[in-house]
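Note sheet for the following structure.
Read the figures in this text as sums done on the coordinates, not as results from a lab. What you see is a predicted model, and the numbers here were worked out from it, not measured in a lab. Cβ: placed from backbone, ideal geometry, glycine included. Neighbour counts: every protein chain shown.
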Amino acid sequence: MLILAAGGRGPGRTCVCEKMTTSSAYRLSDNERTKSMRARHMVVSVCMVFLAAFPEATAQLQVNADIMSRYIWRGLDFGNSPSFQPALTVAVGNLKIGTWGAYSVGAQGGSAFAEHDLWASYSVQTAAGTFTAIYTDYYYPSAGLKYFDYGGKGSGAHTLEVGLGYALAEDIPVTLTGYVNVHNDPDNSVYLQANYLLRVDGVSLDIFAGFTPSKGAWYVARNASMINIGVKATRSVVVTESFSIPVSAAFILNPHLEQSYLTLGISF
């Protein structure tokens, strides 16, 4: 089983949403309108290519959501408040394409954090284990930047990340993943993580450790640092004979920032 951190995860800085009037928010220039139409055409084209590439495969659609007491990603706290996290995923064969969001609930001071990501992954199973290529497009509506601003050098609305995951054979429940920012991050920040999975008395445990090998603002790191160590426990709470709710609790430590977190989450 491969544990991926694709989607749902941000740059390590809380953004305050800039207020916009209704008229200014929806007033598009001809250039912006053209960009919007091109983007829509591109999405349609990608979907057509995606479906044509798997003519005999059956597409599976998944809709789910999490409610988290805190949104902690790679050892960093986003929003300092509970978070509602919806997700939509389409899977065809070994290819998955999805969108994921995180929205602060009850944030204080009008500084509600919002994130909306697009991601894709493709897995290949071999005798040596499973390899998965991962792509993530991070976007933060609360930063006040327009969606179609794909500028670079830290000024644009989107940060693009690519990653590679490797899950050992089934009898060795270890997963190794690595990620690097390839657009809109001047530091081209890198993150490496190892996960060890086990099951104890009906509870699934995920023990993990994450490291960034260099200084960078994306992970709020002053140097090469261990930034994400912890354990996550998940079990299903039976509501009726045919319905149960996964509930998780996690202890997370960021040794570099000397901060710890205890979170609770419910999945639907």
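See the values below:
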item	result
Rough spin-label spacing in nm, given labels placed 7 Å along Cα→Cβ, for Thr126 and Asn223	3.6 nm
Label-point gap, in nm, between Tyr166 and Ala59 - each point 7 angstrom along Cα→Cβ	3.4 nm
The range 126-197: relative contact order in percent, alpha carbon pairs under 8 Å with at least 6 residues between	29 percent
Distance (nanometres) between label positions extended 7 Å along Cα→Cβ at Thr240 and Lys215	5.9 nm
Nonlocal amide H pairs with Phe113, under 5 Å, H built at 1.01 Å	Ser104
